Amino acid sequence: MLEDRRIEQVECETSDDIVLRWAVDGNRHIEYVQVKSNDVDRWTLGLLTKRDIAASPTSIVEKSLLCDKGPEVGRFRIVTRNGVHAILAALTVPVSKRGQNDLDDLAGRLMKKYATVSGRGSDLEYWARNAFWEAMSSEDDLRSKNLWQISRLCDGDGCCLRPEQILAIYRDILELVERAAAADRRVSADKILTRERMRLWWRDRLHALIASRPGSALPYRITAPQFLVKLHEFTDPTRPRATTGYDAEYERKQWRSAQLAAHLVRWVPELVLKASEIAQTNHLTLADRTGQGLRRLRELRHRGVERLLAETLLHSILRTFFDSEPIACKLFYRTEAASGVVNNAHIVQHHEGDQIWLGRTHVFRGPDPDALIEAACAELEDALATPLLRAEREIILELRQPEYLRRDDVEQALENGAPIDRFLRILRFVILVVYDSSVLGAGHCDDYRTRLVAELTGHGNAYHARLPSSVEEIQVHLLLVPVESLDALTRDFEAAAGMT
């Protein structure tokens, strides 16, 4: 599941020994897996159809079929230590690779044997045509195969581990599965391992190992601790729209402006340096690289300190809250492609498929956000012009350094010859709005969080309601960061970055 994104979740000992929920090319189905440890030389049709109780559907094949109860399309898998006799051999070919008539003989024999029908109305012919028999070798061979897969996954994420560390991860995964299998059936959530849960678990596990062994070639494996807190989150169930609001919080009833500025400055080297430059940094060159990054930032001061602040803030949020990997910021690496492209582009690994997040930033002063919302919506609509999207893709190809990034599956969408629609399918536009908050501007009060959430909700709803119909199918994620005073935060950022 960590490697095959088509698997959405694994259920341990619920309807069957294992239940896999798949999403393949937009179609979903459930696979019911029975694991048999019987010590037999070869599995026969007789063993498959033998009933424990003669008058009840208690054979292996019937128990498997009867799992097919719900509305979802059902498939089946039998996993054994040893192989099968010739009559069952067609089952060992994956369902998608079989000939149309390969299962006719077996299906006919099963139908003559039993008239069993599942709760979904499926018979044993359906089982035969939708079942896969997987014959494993020895337990040692299976263990070696799993360890090799873990090692390959680690390598793809830029984490070269020692054998004992790979074995420790394997044991941890087995423990997760064993706990899920042993959990009470009445608490179904405890028996389910979702892809999203396992991805987060894998990321945290690798981060812990990487932190103990720094200095590898993938510079974005470790992120700084979160400074902001997520205060508001909304995802539209009917459209690809989302809003997230963040807060820097108070410290002894003082809004943390200087602390936020100092936090952002720590992200500057990663924002302004290429991945290859960061990868070559060690404890001896860290100070030089940091100084180099700050010098580049100061050189761009003429573009506006507020703009630099907003770009840095967007970068830090995407890195810490979405575990993204940035492509070199185009503010610092201008190319000859069309102007108007975004400055922040990040790759975000998503359980439904990796995405490229294109970020745009807006800084807003004043009590009335209508003008800002109108301008931001218009800018987003302009960004969807085909020539500009082609320019985005060309610049990403130019600046992306895949050898310094984790493995991803965005390559096909980035190919110059690919239709721009393929690029659009993996895009998410991220709109950051930093604004003077009327709630925070009024000073600290005990219920400020409640009032701030209401303010964030209102701004988010207003923005999404104003988006033009031309962006209806485009993924749009609004990030809102209210501040007590933009003037004060800008001064603090200037001072922390040495731009004063």
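Values quoted throughout were computed directly from the atomic coordinates according to the rules given, and no laboratory measurement underlies them. Keep in mind it's a predicted model, so treat the numbers as computed, not measured. So basically every Cβ, Gly included, is an ideal-geometry build from the backbone, and we count neighbours across all protein chains shown.
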Which of (i) 83, 51, 39; (ii) 86, 52, 51; (iii) 73, 58, 41 is the computed Cα extents along the principal axes in Å for the structure on display?
(ii)
Per the charge dipole of the chain (beta-carbon charges, Lys/Arg positive, Asp/Glu negative, Cα centre), the residue among A224, A391, L372 reaching farthest to the positive end is A224
Acute angle (nearest 10 degrees) that the helix 139-156 long axis makes with the longest principal axis of the chain, alpha-carbon atoms
20
Rounding to the nearest 10 and keeping the result within 0 to 90°, find how far the Cα-based axis of helix 257-266 lies from the longest principal axis of the chain.
60
May I ask you to evaluate 6.51 cos²θ - 1.76 cosθ + 1.60, the Karplus curve with θ = phi - 60°, for each residue of segment 123-131 and list the ³J(HN,Hα) values in order in whole Hz, giving x for glycine and proline?
10, 6, 5, 4, 4, 4, 7, 10, 10
Hey, fewest Cβ within 10 Å first, where do D382, D354 land in order?
D382, D354
Residue order, fewest to most surrounding Cβ atoms within 10 angstrom, among F423, F76:
F423, F76
Apply the a/c threshold of 1.5 to the C-alpha gyration tensor of segment 35-180 and tell me whether it is rounded, prolate or oblate.
prolate
Suppose every K and R has +1 on its Cβ and every D and E has -1 on its Cβ; what is the size of the dipole of the chain about the Cα centre, in Debye to the nearest 20?
700
Counting other beta carbons within 10 Å of each Cβ, put V348, V95, V483 in order, fewest first.
V95, V348, V483
The set of residues whose placed amide H lies less than 5 Å from the amide H of K274, leaving out same-chain residues fewer than 5 positions away, is none
Given the C-alpha centroids of segment 49-117 and segment 166-203, what is the distance between them in whole angstrom?
29
Find, among the trypsin sites (Lys or Arg not before Pro) in segment 106-192, those assigned to loop by DSSP (not H, G, I, E, B) with at most 16 other beta-carbon atoms within 10 angstrom.
R120, R185, R186
Charges at C-beta only: +1 for Lys and Arg, -1 for Asp and Glu. How large is the resulting dipole of segment 25-156 about its Cα centre, in Debye rounded to 20?
200
Compute the acute angle (0 to 90°) between the alpha-carbon long axis of helix 448-466 and the principal axis of greatest extent of the alpha-carbon atoms of the chain; round to the nearest 10°.
80
Checked against the positive end of the charge dipole of the chain (+1 on Cβ of Lys and Arg, -1 on Cβ of Asp and Glu, about the Cα centre), the farthest of A496, G460, L91 is L91
Listed pairs K113/K145; K112/K191; K145/K191; K36/K191; K69/K112 exceeding 31 Å between Cα atoms
K113/K145; K112/K191
